[in-house]
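Worksheet for the structure shown next.
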Amino acid sequence: MKRLYLITLTMLLAVTAQAQDTIVLRNGDIKSVKVTEVSKSQVKYVLWDYQEGPVYVQEISDILMVKYKNGNKEMFSQSRTSGESQWQKPKQGVLERDGIELLLYDRELTDAEIRDLLGPERYETFASAQSQYVTGTGCIGLGLIAGCGGIIGLLSLSLPVEGQIAMYCLLGLADVVLPIGIVLDCVGKGRMNWVVNDYNQRGRELSQNLSLSVSPSIVCTPTSTGVGYGFGAGVQLHF
């Protein structure tokens, strides 16, 4: 039966081959196409009789063979997948933060893996916190450079009046940029830590161990004009 299937498949390929590419799926379907791209996990193509139409995507795990118009054939193993498709969302595991990166089982996660692991809402929070942290770190660096440059310049006895004014401007820039950088840096770190702690707490199995965690939160308080919001700290006790 298998030999009969292969003979039939070869005859069909011979009939359909008219200087076009042919995709043979594992379910027996045959498509006459023009292959535009082959990656580790997908094959992109357009239909042979409608090449101005949309680009279709077929997973390699569903493809048995691609026969190109020059006669070459490419067989695909069902286990051939990309690094992204090998990612399997773990049911457990302690998430850790290393700077702006996230680690799981001591392995740095890609952006796609982080999105899949955290979910849309927590991912958006983490991405925003990353941006705050990076901006804050940049502002701190700029402020330190400006402040040190201004101080060193003012200590120079031969500096003209114009130079002294420039040094005072650098010190003024440092006075503005440094506090902004420190605030953004701390808020970004706090929000990233909150995402990590929230993920770990939700995925933690019930245990008899007592634990205490503190994380930044938004506090909602009633006012005379309605409802007000403020930043605070949330304390959670787990046992």
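The values are calculated or read from the model by the stated rules, or taken from the named source; none is laboratory data. This structure is a prediction, so every number in the text was calculated from the model and none was measured. Cβ sites come from the backbone with ideal geometry, for glycine too, and all protein chains shown count toward neighbours. Ligands, DNA and RNA are stripped out before the accessible areas are found, and what is left, the full protein with its side chains, is counted by its heavy atoms. Shrake-Rupley method; radii C 1.70, N 1.55, O 1.52, S 1.80 Å.
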Notebook entry, point to check: Within the group Glu124, Glu162, which residue is open to solvent by 50 Å² or more (accessible area, probe 1.4 Å), closer than 24 Å to Leu184 by Cα and either within 42 Å of the chain's Cα centre (by Cα) or not basic (Lys, Arg) (or both)?
Noted result: Glu124
Item checked: Among the residues listed as Leu117, Leu144, the single one being open to solvent by less than 20 Å² (accessible area, probe 1.4 Å) and touching a helix residue (DSSP H, G or I) at 6+ places or on another chain (Cβ under 9 Å) -> Leu117
Notebook entry, point to check: So Leu170 fits all but one of (1) in contact (Cβ under 8 Å) with a residue 12 or more places away in the chain; (2) open to solvent by less than 90 Å² (accessible area, probe 1.4 Å); (3) over 41 Å from the mean Cα position of the chain (by Cα); what number is the exception?
Noted result: (3)
Note to self: Just to be sure before I move on: is Tyr133 within 30 Å of Tyr199 (Cβ to Cβ) and either over 37 Å from the mean Cα position of the chain (by Cα) or in a helix (DSSP H, G or I) (or both) in the structure I sent?
What the structure shows: yes
Margin query: Cys186 - would you say it is in a helix (DSSP H, G or I), of a type outside the set (Ser, Thr, Tyr) and under 30 Å from Val94 (Cα atoms)?
Written below: yes
Notebook entry, point to check: So which residues in the stretch 37-53 are at pLDDT below 90, open to solvent by 50 Å² or more (accessible area, probe 1.4 Å) and either farther than 16 Å from Met75 by Cβ or acidic (Asp, Glu) (or both)?
Noted result: Glu37, Gln42, Trp48, Asp49, Tyr50, Gln51, Glu52
Note to self: Can you confirm whether Arg80 is at pLDDT 80 or above and either open to solvent by 30 Å² or more (accessible area, probe 1.4 Å) or under 24 Å from Asn27 (Cα atoms) (or both)?
What the structure shows: no
Item checked: the stretch 83-99, residues that are at pLDDT 80 or above and within 16 Å of Tyr199 (Cβ to Cβ) -> Val94, Leu95, Glu96, Arg97, Asp98
